[in-house]
1. It is to be established whether one or more residues within the stretch 369-390 are buried (at least 18 other Cβ atoms within 10 Å of the Cβ), within 18 Å of His30 (Cβ to Cβ), of a type outside the set (A, V, I, L, M, F, W, C) and in the same structural domain as Glu95 (by TED's automatic domain parsing).
2. Working only within the stretch 334-356, note down all residues that are among the charged types (D, E, K, R) and closer than 23 Å to Glu372 by Cα.
3. So which of Ala107, Ala122 ends up being more than 17 Å from Gly24 (Cα to Cα) and in contact (Cβ under 8 Å) with a residue 40 or more places away in the chain?
4. Quick one: which of Ala222, Ala247 is at pLDDT below 95 and aliphatic (A, V, I, L, M)?
5. Among the residues of the stretch 182-195, is there at least one that is in contact with a Ser or Thr (Cβ under 6 Å, 6 or more places away or on another chain), of a type in the set (Ser, Thr, Tyr) and at pLDDT 95 or above?
6. Given (1) in contact with a Gly (Cβ under 8 Å, 6 or more places away or on another chain); (2) more than 18 Å from Ala32 (Cα to Cα); (3) assigned by TED's automatic domain parsing to the domain that holds Ile39, where does Cys314 come up short, assuming only one miss?
7. Does the stretch 332-353 include one or more residues that are surrounded by 15 or more Cβ atoms within 10 Å (Cβ to Cβ) and more than 23 Å from Ile39 (Cα to Cα)?
8. For the stretch 314-354, which positions are among the aromatic types (Phe, Trp, Tyr) and not in a loop (DSSP other than H, G, I, E, B)?
Amino acid sequence: MAKQTAEQPLSGVRVLELTRLLPGPLAGRHLADLGAEVIKVEDTEHGDYVRGIGAMKGENSGAFHALNRNKKSLRLDYRTDRGRGVFLALAARSEVVLEGFRPGTMARLGLDYPTLRRGNPALVYCALTGFGQDGPYRDRAGHDMNYASYAGMTDQVGNRGGPPANANFQYADIAGGTMGAMMGILAALYDAQRSGQGRYIDVPITDCALAQMAVAWSQYEATGRMPERGGDLISGKYPWYDFYQAADGGYVHLGALEWRFWRNFCDAVGRPEWADRQMAEGAEAEAMRAEIAAYFRREDRDALVARLAPLDTCVAPVLRLEECARAEAFRDRGLFVEVEDPRDGVVAHIAFPVRFDGAAPTAPQPAPGWGEHSEAVLRAIDLPTAEIAALRDDGII
């Protein structure tokens, strides 16, 4: 592995990405944001389906831009012997392979971990699937809400007495699969740097999602039962952790979990006698909830937040995403950046949020065109020019 630099924490790390599942491209994007050279290996028949899924920015969807900035694209027919040879050569000169196929697919292609490891013992190989490499569900198809449902997440999302709720955020995919892949890859890279030996990483999205249910699980483990939907400590049981509508129709969230924040809120709204009754339940809690709701309906959302938030009451506005894009706090920290894409014009991005001492945030590069970097990638591993031309002429790249 190349020596890392202060400017780019993962400088010198080459990642081969073969996955269409959301967590794979997003994990790859995070690695690219951290300075890794992420090569998106796309087949020659369809390429990444996400290029055409969802709201279109031009030639490509907005989702494709969001998930694939800072990457390179290699268009490769890795199902052929010659394409397989190219991939083996690339893997021998890479630090990470990240793939999202069903169990057994890479073995059928002759590109599984034991094969790749023979040419690169230090290779970190991350296999990202819905249900893992073994077990009764290993071959089942699924998407975020399927995984979240298996993992007990959706059972706890929604209002009391109502059904489970969809979310416009892929929490199993991201909190489970993306973070699981990132943790596994970074830990294995660290180990490979010390030992010279790579690792095979089995990342099941569903298992990783279930592991995020630690607090809810603790309630079950302590009491022997799960709280009803909307009826746990932070899901609606108490009035001090809930959403309230303001006079203008907007919403605020009161999150006075700790006693001192609840006391501050009680003082701010002129009800200091509530402070000692934070854990009241039943009719008493509902009476407080009704009075809090009436209080918040007196003023507009932003006026309420401007007055209460500085008093350590844990009152926050429920912002729409377009409001986040205009919010001073995010703008001041440079969390929104624009990239000029040669095909689709200006694309706005949410920047990589983690900062490193001594390293300026990297300006994002456009998401790649299908096969845009094929020849450059192969030149970088010293493939002869004539061989690259023959691969191109024969449709292998």
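The values are calculated or read from the model by the stated rules, or taken from the named source; none is laboratory data. Values in this document were obtained by computation on a predicted structure and should not be read as measured data. Every residue, glycine as well, gets a Cβ built from its backbone with ideal geometry; the counts of neighbours run over all protein chains shown.
1. No: the stretch 369-390 contains no residue that is buried (at least 18 other Cβ atoms within 10 Å of the Cβ), within 18 Å of His30 (Cβ to Cβ), of a type outside the set (A, V, I, L, M, F, W, C) and in the same structural domain as Glu95 (by TED's automatic domain parsing).
2. Answer for the stretch 334-356, where residues must be among the charged types (D, E, K, R) and closer than 23 Å to Glu372 by Cα: Glu338, Glu340, Asp341, Arg343, Asp344.
3. Ala122
4. It is Ala222.
5. No, the stretch 182-195 contains no residue that is in contact with a Ser or Thr (Cβ under 6 Å, 6 or more places away or on another chain), of a type in the set (Ser, Thr, Tyr) and at pLDDT 95 or above.
6. (3)
7. yes
8. Phe330, Phe336
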